Ligand code: AMP
């Protein structure tokens, strides 16, 4: 595996792969790699060769008072893991390489980026969209892989690619979970043992919505009430938002129809965890993907 520290070098590698007629796959990450990231690498390896993974803790997507300084960093272990998976390129630029003095352009994805995560974390998606546009320009992959764990982020990136006529295909992969249902996240490392046990409440709340939808419940207010009831029973958990939205616009839905997401953000002390469930209407019934 080649570790690439500069933008120019990454561009050269990408140009060479393209000139050789190879299909470059790309998995952007912030490191602290876990099985969720590994699933993206494996998906990329199924479709593409070579595969590039980036590790970049993007300062621009953290608000003041958020966890940028203490975000888990484990570069040596991450690098060894990617090497063992057979990844060809690790793109790991310093912040000054990505944002040299004088850097002044940003990307705002209107509408989509203002709701849910965008409401709680103003400026977050501006930072995400800006760094992802830069990464897609630099790496110039054939296909890039993202996790449905961050469903709103994935939708915003699809919109970004559409709006800027980027060539990269965007692939959104399923959520990888622990055995007890907790979605893997680098931020799970912040949880105390008690909060880690309590954190299964996200999965259990989504499960309650799945059950209700399975019984034919289409009324979103009642689905949200079912999820809130589960969360309220867990004293360590404090809901930030519990919503069901249309998958295309992330606007609130009143009734289940077409494709929707049930989306949760829940606090355990200072740690905020996300989870979601995709709800797809098929022949008048609802299939739920957790
Ligand atoms: P991050 O390093 O947290 O920025 O995540 C990098 C990529 O991995 C993003 O596209 C995430 O959506 C994805 N990801 C994170 N956790 C999971 C998970 N549990 N299952 C699937 N993908 C994930």
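Any read-out appearing in this document is the output of simple, stated calculations on the displayed coordinates, not a laboratory observation. Remember, it's a predicted structure, so these values are computed and weren't measured experimentally. All Cβ positions, even for glycine, are placed from backbone atoms using ideal geometry, and neighbour counts span all protein chains on display.
Annotation: peptides 238-245, 137-144, ranked by per-residue average of other Cβ atoms within 10 Å with the highest first, follow the order 137-144, 238-245. Zone of residue 270 (label point 7 Å along Cα→Cβ, backbone N under 17 Å): which residues in region 41-69? Only 62-69 pass the distance filter. Take every pair of alpha-carbon atoms less than 8 Å apart whose residues are at least six positions apart; their mean separation over the length of region 157-290 yields a relative contact order of 19 percent. When you restrict to C-alpha pairs under 8 Å that are six or more residues apart and normalise by the size of the chain, the relative contact order lands at 16 percent.
With the largest listed first and rounded to whole Å, the semi-axes of the equivalent ellipsoid of region 32-95 from the Cα gyration tensor are 24, 12, 11.
The Rg/Rh ratio for region 177-290, using Cα coordinates for both the radius of gyration and the Kirkwood hydrodynamic radius, is 0.97. Each DSSP beta bridge with both residues in the chain is either parallel or antiparallel, and the antiparallel ones are about 60%. Zone of residue 218 (label point 7 Å along Cα→Cβ, backbone N under 12 Å): which residues in region 274-290? What the label zone holds, given the 12 Å backbone N cut-off, is 281-286. Put a dot 7 Å past the Cα of residue 19, heading toward its Cβ, do the same for residue 6, and the two dots end up 1.7 nm apart. Under a Gaussian network description of the chain, with springs only between Cα atoms under 10 Å, the residue in 217, 194, 179 that fluctuates furthest is 179.
Percent of C-alpha pairs per 5 Å bin in region 1-112, short distances first: 2, 10, 19, 20, 19, 16, 10, 3, 0, 0. If you run the Gaussian network model on the chain, springs between alpha carbon atoms under 10 Å, then out of 182, 166, 273 the most flexible one is 166. Quick one: grab the alpha carbon gyration tensor of region 202-267, order the square roots of its eigenvalues as a ≥ b ≥ c, and give me rounded if a/c is under 1.5, else prolate or oblate depending on whether a/b is larger than b/c. The shape class here is oblate.
Taking the three principal axes of the alpha carbon atoms in the chain, the coordinate ranges are 54, 43, 38 Å, sorted in descending order.
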